[in-house]
Amino acid sequence: TIQASSGSVNGSTALTVTSSFVLTGSLNTSRDDHTATLLNNGMVLIAGGSNAGNPPVGSAELYNPATGTFATTGTQITARFRHTATLLNNGMVLIVGGYNPIGGFLTSAELYNPATGTFTATGSLGTARGVHTATLLNNGMVLVAGGQNSGGTLAGAELYNPATGTFTATGSLSAARFFHTATLLNNGNVLIAGGGGSVGSLNSAELYNPASGTFTDRKS
């Protein structure tokens, strides 16, 4: 709900906007560190996550904006949290990496098919990782960058090819980082910004160029 009111102050008009959040339906399973992905049919896929004191959540749910309700859908092959979920051009959702206390940081990936409501396995990462980023590029591939695993903070990046279902290595970040952001720009490059590193929080940023497969300082 948004309410707006205006009035004159010293000859100028002041606009006051008051907004509020409205409750909607509740998840069937409590979770955090999950993902939420808008599907082409307008529904939202909620996948995985953790539940304090319990094993990772392997279930998934669909939020229907028309009814404001959540309904269960297929179960992930591997329960995980701190993974990524990326909508592909074919309408499927790519779930990548993350963490599972039994398996540790994961190399596995899977695909959610909205038409069948099921998850199926796809190719595996070359390097296990969680708290990374996954960005759909203009060429339909997905850039998976940075993150962490048992060996520490990662600088490596990989490309997922939906046509072959495989991951291949691409250029390395100038600075290893996790909990960063990755944003596709209008020119097709990806802006990697901030995150955590070996020296704490980072203020550095860099650009990934899909044409060259390299990362460069944003000022270059």
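Before moving on, here are some points about what is shown:
- Ordering of 56-63, 34-41, 143-150 by packing [mean C-beta count within 10 Å, highest first]: 143-150, 56-63, 34-41
- Contact order relative to length of the chain, as percent, for alpha carbon pairs under 8 angstrom and 6 or more apart: 10 percent
- For segment 23-40, the Karplus equation 6.51 cos²θ - 1.76 cosθ + 1.60, evaluated at θ = phi - 60°, returns couplings of 5, 10, x, 9, 4, 6, 10, 5, 6, 9, 6, 9, 10, 9, 10, 6, 8, 5 Hz by residue, with Gly and Pro reported as x.
- Backbone geometry of segment 158-169 corresponds, through the Karplus equation with coefficients 6.51, -1.76 and 1.60 at θ = phi - 60°, to 3J(HN,Hα) couplings of 9, 10, 9, 10, x, 5, 10, x, 10, 10, 10, 5 Hz, x marking Gly and Pro.
- Percent carbon-and-sulfur accessible area, segment 79-220, ignoring ligands, DNA and RNA, probe 1.4 Å: 51 percent
- Heavy-atom accessible area per residue - the chain, 1.4 Å, Å²: 51 Å²
- Charge dipole of the chain about the Cα centre (unit charges at C-beta), most positive-ward option of Gly91, Gly147, Gly200: Gly200
- Computed over segment 52-147: relative contact order in percent, which uses C-alpha pairs under 8 Å that are six or more apart: 21 percent
- Each peptide in 72-79, 197-204 gets a packing score, the mean of other Cβ atoms within 10 Å over its residues, and the list from highest to lowest is 72-79, 197-204.
- Phi-based couplings in Hz for segment 191-199 (Karplus 6.51, -1.76, 1.60; Gly and Pro marked x): 8, 9, 9, x, x, x, x, 5, 10
- Two-decimal Rg/Rh across the chain, once Rg and the Kirkwood Rh are taken from alpha-carbon atoms: 1.05
- Taken over segment 130-220, the convex hull of the Cα atoms encloses 89 Å³ per residue.
- Amide H to amide H distances under 5 Å link Thr122 with Ala109, Glu110, Leu111, where only residues 5 or more positions off or on other chains count and H is placed in the peptide plane.
The values are calculated or read from the model by the stated rules, or taken from the named source; none is laboratory data. Note that the structure is predicted; figures quoted are calculated from it, not measured. Glycine gets a Cβ as well: all are built from the backbone with ideal geometry, and neighbour counts include every protein chain shown. Just so you know, the surface numbers come from the protein's heavy atoms only, side chains and all, with ligands and any DNA or RNA stripped out. Shrake-Rupley method; radii C 1.70, N 1.55, O 1.52, S 1.80 Å.
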